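The values are calculated or read from the model by the stated rules, or taken from the named source; none is laboratory data. Owing to the predicted nature of the structure, the values given are computational and were not obtained by experimental measurement. Note that we place each Cβ from the backbone using ideal geometry, even for glycine, and neighbour counts take in every protein chain shown.
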């Protein structure tokens, strides 16, 4: 009976401890992310760029496809950036307001990046997780397919597709969707291989959960951390990819535009002295990419279990 | 090791065949042919032309004939656009150019990137490190089609030091700017990879041992740390080489160097199927070979890899 007292006390203490909520992986990651100054700055810039792309058009004084014939070809001396005329970023060689066009270009470039990343997240994760979880011959065939697709010079095939089937944003999205998920599939598979021998998956198998449910409910949520990191780092790659295609004149077509198309026009007019045609789109291009790089690095430090 | 190489080669051959099928189907599905022009050609002439180039055959037969010719005689067929030349001529003219500045770019990217990465890692968190990281992030974000015209603006128009384009048999003045434009972003990636892997290696036990037995820092870095730190760089080289060949499209257009990139874009716009196929196949084979070589080297150097 003498021992009962300390035992009861200890039980009480243990009970109290259980009340304290453990920190989840995500809360932990959030705390680490918010300690990272560069990542926070990147996030702020990113929000700014998104706001600019979404609402920047509201303060534009001109429509993006409005051509001011009096300024056409005369933008070097009459179309420089000024608040007074309402052409905040100046006028391009065809007499169009560069501010309105930069807003739209930013919007399309962001869209391209995000669509590419989304395809990668959905297709790549599911594909990789399935291959890794099922394993064996299925895994072998699925990953060899990825290897084969990766060895195809996609830039060349995409140029071919755009020339053959016409240049449209849809075609561009298809092309980007075709390549963006390959790396993600490999990463997801690698992670799944380590996950599938964990106790919780074993428990799920033992209780008779179907493989599909295990993949969706137990494997994929545990992949999310690394998937988010690589998706963030994939967005700038896709934006660069699109700008390259647009540079060749095969990407987004007039009157629509993207940052790549605007920069390409800007570089062609550099001798003309209208450097604003290059520098405003280039500025938004660079800060968007930097922001994604920094946020991605911050997320990696916060979420990647390897770097702890 | 030999079994590994054979296995990899066994995967490479179907890959090339798939590439052939994809590009063939794409071109077959294309509306309009190489002989469609504003002036309509009489139907008899058209039929003759199509018979000459084998376009009147069913698709599978065209494909089989093509593959047969390539494999047995290394013959990519005649060009549709340049009537007096074969695809082999076009490739023979363009490929050495691309190869020259591609190889120089690879060397520059490797040497500068690795030195920058090692210097940044050895002096971690110094001004040098921050500068190196800043340069690499900037260089990764700046597209080469923006950088190339800026180079031309500075070195050709303002300073007048270098010619703004052309090839001229590969004289060094003509090679410098294409190489800078092509290598910068890969240099940046290599520097970043080297820096992070070097940091990892420098913190490992065998480096501490080497330091503890009194070796000078320079010797520790060059003899002990560099080799393991370069392994991740090696695996990046395959994709980088491929990216440089793709990047030649931009370099060729801006500097008019006349490599295969220029021929590819021209042929794509002119529907010159034969040249497109030839170049796509060439790039595909190069891609596969580079990846193969890098993987074999990797397996050979890194004892931890089981193949």
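Determine, yes or no, whether residue B:45 is within 24 Å of residue A:156 (Cα to Cα), away from every other protein chain (no Cβ under 14 Å), exposed (fewer than 13 other Cβ atoms within 10 Å of the Cβ) and free of Cβ contacts under 8 Å to residues at least 60 places away in the same chain. No. Comparison of A:252, A:220 shows that the only residue that is more than 14 Å from chain B (Cβ to nearest Cβ), in contact (Cβ under 8 Å) with a residue 12 or more places away in the chain and assigned to a helix (DSSP H, G or I) is A:220.
Of all the residues in the stretch B:245-271, those that are surrounded by 22 or more Cβ atoms within 10 Å (Cβ to Cβ) and not in a helix (DSSP H, G or I) number 2.
Of the numbered criteria (1) outside any helix (DSSP H, G or I); (2) surrounded by fewer than 20 Cβ atoms within 10 Å (Cβ to Cβ); (3) within 14 Å of chain B (Cβ to nearest Cβ), the one residue A:233 fails is (1). Out of B:275, B:242, one residue alone is more than 16 Å from the chain's Cα centre (by Cα), under 26 Å from residue B:291 (Cα atoms), crowded, with 18+ Cβ neighbours inside 10 Å and modelled with pLDDT under 85. It is B:275.
So, in the stretch A:277-305, exactly how many residues are more than 22 Å from the chain's Cα centre (by Cα) and surrounded by fewer than 23 Cβ atoms within 10 Å (Cβ to Cβ)? Total meeting the criteria: 2. Among residues of the stretch A:263-272 being assigned to a helix (DSSP H, G or I) and within 11 Å of chain B (Cβ to nearest Cβ), the one that is nearest to residue A:43 (Cα to Cα) is A:263. State yes or no: is residue B:196 assigned to a helix (DSSP H, G or I) and touching a helix residue (DSSP H, G or I) at 6+ places or on another chain (Cβ under 6 Å)? Judged against the criteria, residue B:196 is not a match. Selection of helices (runs of 4 or more DSSP H) fully inside the stretch A:119-183 by the criterion of at least 1 residues being in contact with a helix residue (DSSP H, G or I) (Cβ under 6 Å, 6 or more places away or on another chain) and free of Cβ contacts under 8 Å to residues at least 12 places away in the same chain returns A:136-150, A:154-165. Just one residue in the set B:163, B:178 is surrounded by 14 or more Cβ atoms within 10 Å (Cβ to Cβ), away from chain A (no Cβ under 14 Å) and not in a helix (DSSP H, G or I); that residue is B:163. Do we have any residue at all in the stretch A:95-112 that's at pLDDT below 85, touching a helix residue (DSSP H, G or I) at 6+ places or on another chain (Cβ under 9 Å) and in a loop (DSSP other than H, G, I, E, B)? Taking every residue of the stretch A:95-112 in turn, at least one turns out to be at pLDDT below 85, touching a helix residue (DSSP H, G or I) at 6+ places or on another chain (Cβ under 9 Å) and in a loop (DSSP other than H, G, I, E, B). Within the stretch B:248-272, the set of residues being more than 21 Å from residue B:105 (Cα to Cα) and at the interface with chain A (Cβ under 10 Å from one of its Cβ atoms) comprises B:265, B:267, B:268, B:269, B:270, B:271.
Considering only residues in the stretch A:273-297 that are in a helix (DSSP H, G or I), touching a residue at least 24 places away in the same chain (Cβ under 8 Å) and within 21 Å of residue B:157 (Cα to Cα), the one that is nearest to the other protein chains (Cβ to nearest Cβ) turns out to be A:277. If you go through the stretch A:126-153 and keep only what is at pLDDT below 80 and crowded, with 22+ Cβ neighbours inside 10 Å, you end up with A:151, A:152, A:153.
A count restricted to the stretch B:1-22 and to residues that are facing chain A (nearest Cβ under 8 Å) and surrounded by 14 or more Cβ atoms within 10 Å (Cβ to Cβ) stands at 6. Restricted to the stretch B:61-97, and to residues that are farther than 30 Å from residue B:168 by Cα and touching a helix residue (DSSP H, G or I) at 6+ places or on another chain (Cβ under 9 Å), which residue is surrounded by the fewest Cβ atoms within 10 Å (Cβ to Cβ)? For the stretch B:61-97, the residue satisfying everything is B:67.
Is one or more of the residues making up the stretch B:29-36 within 22 Å of residue B:235 (Cα to Cα), surrounded by fewer than 12 Cβ atoms within 10 Å (Cβ to Cβ) and touching a helix residue (DSSP H, G or I) at 6+ places or on another chain (Cβ under 8 Å)? No - not one qualifying residue is present in the stretch B:29-36. Answer yes or no as to whether residue B:162 is touching a helix residue (DSSP H, G or I) at 6+ places or on another chain (Cβ under 7 Å) and within 25 Å of residue B:96 (Cβ to Cβ). Judged against the criteria, residue B:162 is a match.
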